[in-house]
Every structure is written in structure tokens, then in C-alpha cells.
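*Asks:* Quick one: the structure is below, and I'll ask about it shortly.
The values are calculated or read from the model by the stated rules, or taken from the named source; none is laboratory data. Note that the structure is a prediction, hence the values are computed from the model and not measured. A quick note on method: Cβ atoms are made from the backbone with ideal geometry, for glycine too, and the neighbour counts reach across all protein chains shown. Calculation scope for accessible area: heavy atoms of the full protein, side chains included, ligands and nucleic acids excluded. Shrake-Rupley method; radii C 1.70, N 1.55, O 1.52, S 1.80 Å.
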Amino acid sequence: MTDWNEDQKLFRKTIEELGPVLSDGHVEADRDGEFSRAKWATLAASGLFGLPFDEAFGGLGQDVPTTMYVLEGLGHANRDGGLSFSASTHLASTGTPLNRFGKPALKERLLPAVCAGEIIGAHAITEPAHGSDAMGMQTTAVPDGDHYILNGSKAFVSNGPVADVVVVYARTGNPGTASGISAFLVERGTPGLSFGNPIEKMGLRSSPLCELFLDNVRVPAENLLGRPGNGFLVLDHVMKREILYGFAINLGEMQYRLEQATSYARERTQFGSPIGSFQAVQHRVVDMLIGTETARHWLYSTGRKLAQGKDVTTDVAITKLVVSEAALASALNTVSVFGGYGYMAEYGFEKDVRNAVAGTIYSGTTEIQKSRVAAMLGLG
């Protein structure tokens, strides 16, 4: 495991110390589906949103493993999982493609505000009829002088209701081809761009989500990220970090639950003995430990390989699969160890189950990840 230096440890400590503020009212925020701009401002003031981005634009210039390490600390300290999810969406889905593929003028204008958390980012890939089939997307972007005209609709846009900028993926070439997709940064207030009402969902309820509609939206060509037809290159760059950043947060949450379940098993007595003396409880807690450490291994091994420029296509798919399933098992085991108390909303662990279910779906389902690994093995 990585030996973190003092600066890295200090930054993580700074984030973890925000835990009580960020966690305040987390049960109510989940119940009401409330996104807290005050908590967002607290995260922004910490410098978290600039962590992996160029120092010339207000970032801190840290590598992928360091960013993951700090985000793990966020997951460990913050019980408002929706807020953490919105933060990772902003970092990975908006800041990352702008930092890597944005033209200099666009970066100068918007990246400092992204790093400072002064504007909130989202991205729009999925469409109502196509789900994980990104090559089947129907949203189009047609050149028109020094602009593109975008038309279509998107579903499941995390941060959409509060976003100031959205990375929109649209078809600029032949349908069904990897070279037919491009990515654009679209700003709220652009004529023809509209957002649907927030959609209620099973978990991550304090991270707002909506549909997005584009009706002859004129986007300056300078807002194109990368070159025309490079949308899948942009998306591949983004998705690797989306998975590593988001599931590093989940790792922190798993570590927190492991600590809570272990402590509770030692202290809670039934039939005259601590429940931790019962083999059935012991096995659940041990399963949580194994799942947490396995997730940690895959996350940081893949993060280091990515930082070294190695091919991590298979590694990312396995990491996403392993960590998402382990996070769900961790949440279910915690509810079981806490028994009736774990089932009560007051303790927040039932919320963790609902949040963890989402992790097996977004960024490519478990089944999609297995198919990707199979393809890398030359199967199918």
C-alpha cells in the first residue's frame, strides 16, 4: 500500500475534520431529497474541487491516487452520501474533461470556477431509449459556422437540477460508430437548453437528478472538448476517473461501517454475551473486512497503474464490479449486525443500502463490467 506523505495526510485530515458539518442532518436530507448548497460551499472552501487539476487554473495538481486517498477520507467522514456523490460527479464528469480536453480560452474562463466550486458541473450521456448503449445515442450536434446546433434529450443527469455547466455527449458523425460522438461543454442559460424537474430515486437522494432537453441549442465551437468525433476518447478518460474517484468514496464509507459494526458487536450484549462472540456475527464482520480490503487493493492498484500511463481497461472494469458489489454487501451486513436498529432510518444504515444499490448500476452495471472483461479475454 502507498506510503502517503505529510501533505497528503494533512489534506485528508482537513477533509475528514469537515465530517460533522457535512453529516449534520444527513437523514433528513435523504428523506427530503435536499441538496445543500451550504455544505457544497464548505467542501469548496476546503480546496477539494481543485485537487486533480492544473495549478495554472486554480487547481492543486495532484495525481489520481492522491485524489482517491482524499476522497476516501470524504467517504469515511461524511454520512451524506448524496453530497459526496455530487462532489465526485463534479470532479470526474465536468472538471476532468475540461482540464484535459478544453481549449485554453475555455479553461481560462471556466476551470478556475470549477476548481473553486463556484459553479457546479454535470454530464449528460445516457438517453431514455438507449441506457448503456452510448453508440446508439440520438442527440445530434450539427456544425453551423462557428457554432454547433444540439438537439435531443438526456436521462439520469446527476447534478442536473443545480448544474451551471453540463458536458453533453452528442452524435456528430455516423450513427453506431465510435468516431461519431463528440463532447461539448454547455452552459446553463443557453437558449434552448432546459432541465426537467428533480426525479425522486431510491438512494443518493440528496444528489439531485433530472432529465435534460436540447432544442436547437447553439454552442460555440470553442466549447467542443477535444476534436470532433473524439467523444469516446473523452468519455473513456472520464469514466476511468469517475469509477476510481466515486468508488474511493465508497471505500471510505465501507471502512466507516466496518468500524461501527466491529464496535457494536463488541458492546452489544444478547443472552448474556457480546454479540461479537456469536459465530454468525463474527462471519459477517469478517466478510466486511475482506470486502473492504479487497476493494482497497483493486482501487489503489488500478489508480497507480492509471497514473503510470498503463492500460487499465480490464482493471477498471474489475475494480468497478468488485467494489460496487462489496459496498452493497457491506451495507447489508451492517444492517444485519445492528439488527432492528440498523433497519431504522435514524441510524442511517438503511440509507447506505439504498445508496449502495446505485453503485451496482451507474457507470456501467455489474453485468456490463463482466461483458467488458470477457471481451478483453477474447470471448463473445
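*Asks:* Taking all protein chains as present, what is the carbon and sulfur share of the accessible area of segment 105-215, in % to the nearest whole number, probe 1.4 Å?
*Replies:* That share works out to 52 percent.
*Asks:* Just to confirm the number: angle between the C-alpha axis of helix 6-16 and the first principal axis of the chain, 0 to 90 degrees, nearest 10?
*Replies:* With rounding to tens, the tilt is 80 degrees.
*Asks:* Please give the calculated 222 nm ellipticity per residue for the chain, where each DSSP H segment of at least 4 residues contributes -39500 (n - 2.57) and the sum is spread over every residue; nearest 500 deg cm²/dmol?
*Replies:* Using -39500 (n - 2.57) per qualifying helix, the result is -16500 deg cm²/dmol.
*Asks:* I'd like the Karplus ³J(HN,Hα) series for segment 262-278: coefficients 6.51, -1.76, 1.60, θ = phi - 60°, whole numbers in Hz, and an x wherever there's a Gly or Pro.
*Replies:* Per residue, the Karplus-derived 3J(HN,Hα) values read 5, 4, 5, 5, 6, 9, 6, 10, 9, 6, x, 9, x, 5, x, 7, 8 Hz.
*Asks:* Got a number for the accessible area of Lys9? Probe 1.4 Å, square angstrom, nearest 10.
*Replies:* Rounded to the nearest 10, the figure is 90 Å².
*Asks:* Measuring from centroid to centroid over Cα atoms, what is the spacing of segment 137-186 and segment 66-80 in Å?
*Replies:* For segment 137-186 versus segment 66-80, the Cα centre distance is 31 Å.
*Asks:* Further question on the same structure: How large is Rg/Rh for the chain, to two decimals, with Cα atoms and a Kirkwood Rh?
*Replies:* 0.98
*Asks:* Please list Trp40, Trp4, Trp298 from largest to smallest accessible area, probe radius 1.4 Å, with all protein chains kept in place.
*Replies:* The residues order as Trp298, Trp4, Trp40, largest area first.
*Asks:* Rounded to a whole number, what is D in µm²/s for segment 160-200 from Stokes-Einstein with the Kirkwood radius over alpha-carbon pairs (25 °C, 0.890 mPa s)?
*Replies:* It diffuses with D of about 206 µm²/s by this estimate.
*Asks:* Taking only pairs that are 8 or more places apart or on different chains, how many Lys pairs in segment 214-360 have Cα atoms under 19 angstrom apart? Don't skip to the end; give the middle numbers.
*Replies:* Values: Lys240/Lys305; Lys240/Lys310; Lys240/Lys320; Lys305/Lys320; Lys310/Lys320.
Final tally of qualifying lysine pairs is 5.
*Asks:* Right, something else. Would you mind computing Rg(Cα) / (2.2 N^0.38 Å) for segment 8-159, counting N as its residues? Mind dumping the intermediate values first?
*Replies:* Details: Rg = 17.1 Å, N = 152, 2.2 N^0.38 = 14.8 Å.
This ratio for segment 8-159 stands at 1.15.
*Asks:* Of all the Cα-Cα pairs you can form in segment 244-358, what percent are over 20 Å apart?
*Replies:* Details: 2835 of 6555 pairs.
Beyond 20 Å sits 43 percent of the P(r) for segment 244-358.
*Asks:* Also, I was wondering about something else. State to the nearest 20 debye the size of the charge dipole of the chain about its Cα centre, where the only charges are +1 on K and R beta carbons and -1 on D and E beta carbons.
*Replies:* Using only the charged Cβ atoms, the result is roughly 540 debye.
*Asks:* OK, next. Between Thr366 and Ala178, what is 0.36 nm times their sequence separation minus the Cα-Cα distance? Round to one decimal in nm.
*Replies:* 65.4 nm
*Asks:* What three numbers, in Å, describe the spread of the alpha carbons of segment 1-90 along their principal axes, ordered from the longest?
*Replies:* Largest first, segment 1-90 extends 38, 29, 17 Å along its Cα principal axes.
*Asks:* Follow-up. Where the eigenvalues come from the Cα gyration tensor of segment 62-106, what are the semi-axes √(5λ) of the equivalent ellipsoid, largest first, in whole Å?
*Replies:* 24, 13, 6
*Asks:* What figure, in Å² to the nearest 10, do you get for the accessible area of Phe35 with a 1.4 Å probe and non-protein molecules left out?
*Replies:* Number for this one is 30 Å².
*Asks:* Of His283, His123, which has the most accessible area with a 1.4 Å probe, and how do the rest follow in descending order?
*Replies:* His283, His123
*Asks:* Give me Rg over Rh for segment 162-230, both radii from the alpha carbons and Rh done the Kirkwood way, two decimal places.
*Replies:* Details: Rg = 14.0 Å, Rh = 13.6 Å.
Taking Rh as the inverse mean 1/r over Cα pairs, Rg/Rh reads 1.03.
*Asks:* While we're on this one: Taking the Cα atoms only, what angle lies between the long axis of helix 64-77 and the longest principal axis of the chain, rounded to 10 degrees?
*Replies:* Tilt of helix 64-77: around 50 degrees.
*Asks:* Average the reciprocal distances over every distinct pair of alpha-carbons in segment 303-380, invert the result, and give the Kirkwood radius in Å.
*Replies:* 14.0
*Asks:* Sort 68-77, 288-297, 232-241, 156-165 for me by packing, meaning the mean count of neighbouring Cβ atoms within 10 Å per residue, highest on top.
*Replies:* With the highest mean Cβ count within 10 Å placed first, the list reads 68-77, 156-165, 232-241, 288-297.
*Asks:* Taking H as built 1.01 Å from N, whose amide H comes closer than 5 Å to the amide H of Leu51, not counting residues under 5 places away?
*Replies:* Correct list: Leu60.
*Asks:* Just to check, using Stokes-Einstein with a Kirkwood Rh over alpha carbon pairs, what's the diffusion coefficient of segment 252-294 at 25 °C and 0.890 mPa s in µm²/s?
*Replies:* 234
*Asks:* Can you give the accessible area of Met254 in Å² (nearest 10), computed on protein heavy atoms with a 1.4 Å probe?
*Replies:* Using a 1.4 Å probe on the heavy atoms, I get roughly 0 Å².
*Asks:* Still on this structure, please answer the following. With a Cα-only, solvent-free Debye model of segment 94-212, what are the log10 I(q)/I(0) values at q = 0.22 Å⁻¹?
*Replies:* Evaluating at q = 0.22 Å⁻¹ gives log10 I(q)/I(0) of -1.37.
*Asks:* To continue, here is another question. Quick check: net charge around Leu22, other residues with Cβ under 15 Å of its Cβ, Lys/Arg +1 and Asp/Glu -1?
*Replies:* For residues surrounding Leu22, the net value is -3.
*Asks:* Express in % the proportion of alpha carbon pairs of segment 238-311 at distances exceeding 19 Å. Numbers along the way, then the final one.
*Replies:* Numbers: 1282 of 2701 pairs.
Percent of Cα pairs beyond 19 Å in segment 238-311: 47.
*Asks:* How much accessible area per residue does the chain have, counting only protein heavy atoms and a probe of 1.4 Å, in square angstrom? Could you put the intermediate results ahead of the total?
*Replies:* Values: 16140 Å² over 380 residues.
Result: 42 Å² of accessible area for each residue.
*Asks:* I'd like to compare 48-54, 139-145: which one has the highest average count of other Cβ atoms within 10 Å, and what's the full order after that?
*Replies:* On the way: 48-54: 23.6, 139-145: 15.7.
In decreasing order of mean packing, 48-54, 139-145 become 48-54, 139-145.
*Asks:* Near Pro128, within a Cβ-to-Cβ distance under 10 Å, what is the net charge of the other residues, with Lys and Arg +1 and Asp and Glu -1?
*Replies:* Net charge around Pro128: -1.
*Asks:* So, counting K/R as plus one and D/E as minus one, what does the shell of residues with Cβ under 11 Å around Val219 add up to? All intermediate terms of the calculation are to be shown ahead of the outcome.
*Replies:* On the way: positive: Arg218; negative: Asp144, Asp146, Glu187, Glu222.
Here the count lands on -3.
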